[in-house]
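Have a look at the structure below, then the notes.
A short reminder: the numbers here are calculations on the coordinates, not readings from a lab. Quick caveat: nothing in here was measured; it's all calculated off a predicted structure. For neighbour counting, all protein chains shown are included, and Cβ atoms are generated from backbone atoms with ideal geometry for every residue, glycine included.
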Amino acid sequence: MRAADGLAHVLWMGGSPCSGKSSIAEMLAEKYGLRVYRCDDAFWEHAKRVDPVAHPTFHRLTHMAWDEIWMRPVAVQIADEFACYLEQFGMIVDDLLALPRSTPVIAEGAALLPELVSGLLPDRSRAVWVLPTESFQRKHYTPEKRPFVNDILAHCQNPTQAFANWMDRDVGFARRVAGQAQALGLEIVTVDGQRTIEQNAEIVAQYFGL
């Protein structure tokens, strides 16, 4: 059985941080009886079994200190993030194939890159990418609104520069994901603050045909 055949019951929601993906997935799961698969949760489980040869970038990143991670050039950070997700994707697919097919699944996370997901789609209406505008991200992804950010920055010698690099990385990541999705003719929902998260969830639900 091809992986695509075993994943016909999966809805894919990629995107970038600060877009509301996780909240949208929870809303849709509750309303439509879906199982949620969170790539962020799976990341640390996958990190426990990475192979330095098969997953060199994934392995390297999970063995770096926060200061090392955020003080790299932003272009390097973006390239490493894409490389890491390329290496992780096979493990994500294995996880999804292991879930019961009796319950529809919504998989959500930044790791679901358009170029990886596109080959597994029975049709384009099974996937969407939720992406914040730069201004929305910079307004809402702050240490004040997300306390865990300060926990990470506390391990950095220059927290101000580390956070600036972090935000620049996420902006660049979102732009590259948008470019991939557009090139492949896949759906994008742009989050700019003009709609509530409930309205964004409804847009995603309508696109999925729920």
**Message:** Using a Förster radius of 35 Å, what is the FRET efficiency between T103 and T62 based on their Cβ-Cβ separation? Nearest 0.05, please.
**Reply:** 0.70
**Prompt:** Listing M27, M64 from the residue with the fewest other Cβ atoms within 10 Å to the one with the most, what is the order?
**Reply:** M64, M27
**Request:** Mind checking which of S102, G119, P159 is farthest towards the positive end of the stretch 95-165's charge dipole, using Cβ charges of +1 (Lys, Arg) and -1 (Asp, Glu) about the Cα centre?
**Result:** S102
**Request:** Could you grab the relative contact order for the stretch 65-210? Cα pairs under 8 Å, six or more apart, rounded to a whole percent.
**Result:** 38 percent
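Treating the beta-carbon of each Lys and Arg as +1 and of each Asp and Glu as -1, no other charges, what is the dipole magnitude of the stretch 66-181 about its Cα centre, to the nearest 20 debye? Intermediate results must be reported in sequence, preceding the final value.
Values: 11 positive and 15 negative charges, 90 e Å.
Taking the Cα centre of the stretch 66-181 as origin, the dipole is about 440 debye.
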**Prompt:** Which of the aspartates and glutamates could a cross-linker span from K48 if the Cα-Cα distance has to be under 17 Å and same-chain partners fewer than 8 positions apart are dropped?
**Reply:** D40, E87, D94, D95
**Prompt:** Based on DSSP H runs of at least 4 residues, each adding -39500 (n - 2.57), what is the mean residue ellipticity at 222 nm of the chain after dividing by all its residues, to the nearest 500 deg cm²/dmol?
**Reply:** -16000 deg cm²/dmol
**Request:** Return the FRET efficiency for the residue pair K31, H140: r is the Cβ-Cβ distance, R0 is 22 Å, and the value is rounded to the nearest 0.05.
**Result:** 0.40
**Asked** When a footprinting reagent is the concern and you count Cβ atoms within 10 Å, what order do S22, S16, S135, S102 take, fewest first?
**Response** S102, S135, S22, S16
**Prompt:** If you place +1 on the Cβ of every Lys and Arg, -1 on the Cβ of every Asp and Glu, and leave all else neutral, what size is the dipole of the chain about its Cα centre, to the nearest 20 Debye?
**Reply:** 200 debye
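What's the longest piece of the chain with no exposed trypsin sites (Lys or Arg not before Pro), counting a site as exposed if DSSP puts it in a loop and it has at most 10 other beta carbons within 10 Å? Spell out each step's value before the answer.
Working: sites that count: R2, K48, R49, K145.
Longest site-free region, per DSSP loop and neighbour criteria: 50-144.
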**Asked** Could you state the number of Å between the C-alpha centres of the stretch 182-203 and the stretch 47-96?
**Response** 27 Å
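Taking the Cα centre of the stretch 76-137 as origin, sum charge times position over the Cβ atoms of Lys and Arg (+1) and Asp and Glu (-1), and report the length of that vector in debye to the nearest 20.
Values: 3 positive and 9 negative charges, 70 e Å.
Magnitude of the dipole: close to 340 debye.
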